[in-house]
Amino acid sequence: MGSEMEPLLLAWSYFRRRKFQLCADLCTQMLEKSPYDQAAWILKARALTEMVYIDEIDIDQEGIAEMMLDENAIAQVPRPGTSLKLPGTNQTGGPSQAVRPITQAGRPITGFLRPSTQSGRPGTMEQAIRTPRTAYTARPITSSSGRFVRLGTALFEYIFHHENDVKTALDLAALSTEQSQYKDWWWKVQIGKCYYRLGMYREAEKQFKSALKQQEMVDTFLYLAKVYVSLDQPVTALNLFKQGLDKFPGEVTLLCGIARIYEEMNNMSSAAEYYKEVLKQDNTHVEAIACIGSNHFYSDQPEIALRFYRRLLQMGIYNGQLFNNLGLCCFYAQQYDMTLTSFERALSLAKNEEEAADVWYNLGHVAVGIGDTNLAHQCFRLALVNNNNHAEAYNNLAVLEMRKGHVEQIGDLQRSYVAAQKSEAAFPDHVDTQHLIKQLRQHFAML
């Protein structure tokens with residue numbers, strides 16, 4: 001072979017090895033020599049796109065605008081079990097919300113961090129407004145990302161992902177779909193993606209439906225379901241996923257989509273069933289393992305949860321959250337020798353102060369469990385040092401102070417009673433609330 005590789009071949013080689021910057025630079029050099037080289041243009045557009053490519057199906061950050069100004073819900077007072085905004089209380093016999101903590105968005109904690117669920121409390125306005133940029137997809141390359149053959153396709157992806165100029169991308173897709181006499185499903189999906197980004201959900205729905213009539217693709221089912229979730233129509237989304245499963249039996253992304261919706265609707269037992277289906281198809285699916293594990297933990301089966309978290313550890317996942325969960329499972333499964341080592345590992349792996357605060361908070365629980373109130377006090381204090389807004393730690397410190405008899409003032413019994421009754425209406429089976437009401441009634445009887 002000669003001393004120098006053919007530049008286009010070298011650029012392709014860089015691209016395949018994910019060295020996108022080198023690939024783009026080499027294409028630029030080639031284009032300086034021959035500005036009309038289509039192959040170089042396509043490859044350069046692809047390389048620049050891949051640097052910032054995000055999987056549109058997975059990433060869905062709710063911005064401040066969507067949270068505050070959402071006008072897409074259909075009914076003001078939806079029937080129970082048909083809305084994600086007011087998920088029904090758990091009628092399925094699983095653990096109640098009184099036991100299972102919820103995220104700031106009001107959804108039960110699932111055991112798996114998804115891009116759209118726990119992005120509450122963004123540090124700054126800037127961070128909340130910025131679009132997500134760096135998430136690579138964990139899914140295998142699908143039909144929609146495998147079609148970078150023509151220049152128009154590569155150009156669209158470049159404008160949409162790299163420039164983030166949705167309006168121009170929409171114009172290009174509209175012209176292209178006209179050019180193909182409205183017979184090309186791929187361009188319809190791209191128009192739908194643009195409409196979705198612009199918040200025009202009904203228009204997006206039309207495009208995705210039209211694309212599905214021409215060609216049934218898994219991706220299109222997933223995009224359309226995202227539209228229905230944004231319109232707060234989870235039941236429609238569930239039916240759509242089930243239609244998709246008729247066409248693509250055992251497709252993991254569709255099963256996972258169903259499980260997530262059940263989870264958001266607080267129907268934990270159905271969610272767990274679908275995650276188990278996911279594991280039948282792909283037994284290394286991290287999200288399914290984590291969610292089933294956390295479900296067992298909150299259903300008072302820590303020793304079973306432990307098996308799932310150990311499985312994640314065997315798969316090579318090594319982070320603070322996993323060791324935190326392992327520590328809690330070991331504690332509640334009475335494997336005390338492993339509890340503290342797991343929490344120590346979790347502290348050393350915590351990426352930021354909020355993570356460290358959660359670990360200290362859980363250590364505080366362990367200390368309360370073994371009856372060492374001084375240690376518990378220190379742990380909750382350390383949680384607050386790391387995260388000053390940790391409401392649960394404040395609450396538990398107050399309980400510890402009360403047990404020591406440091407009550408500065410006896411609270412307003414009447415207001416306490418009203419609050420307890422509201423709490424009872426929300427969670428009729430919550431034992432602590434019933435105890436409190438009983439105590440308050442005895443107080444009133446003595447007055």
Largest-first semi-axes in Å of the equivalent ellipsoid built from the Cα gyration tensor of the range 143-264 are 25, 16, 13
In order over the range 297-302: 3J(HN,Hα) from phi, Karplus 6.51/-1.76/1.60, θ = phi - 60°, whole Hz, x for each Gly or Pro, gives 4, 7, 9, 6, 10, x
For His390, His435, His430, the accessible-area ranking with a 1.4 Å probe, largest leading, is His435, His430, His390
So for R0 = 35 Å, FRET eff. of Val418-Lys85 from the Cβ-Cβ r, to 0.05, ends up at 0.85
Taking the alpha-carbon centre of each part, the distance from the range 343-422 to the range 230-287 in Å is 36 Å
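The values are calculated or read from the model by the stated rules, or taken from the named source; none is laboratory data. Quick caveat, the model's predicted, so the values are computed rather than measured. Because the Cβ atoms are built from the backbone with ideal geometry, glycine has one as well, and the counts that use them run over all protein chains shown. Accessible surface areas use protein heavy atoms only, side chains included; no ligands, DNA or RNA. Shrake-Rupley method; radii C 1.70, N 1.55, O 1.52, S 1.80 Å.
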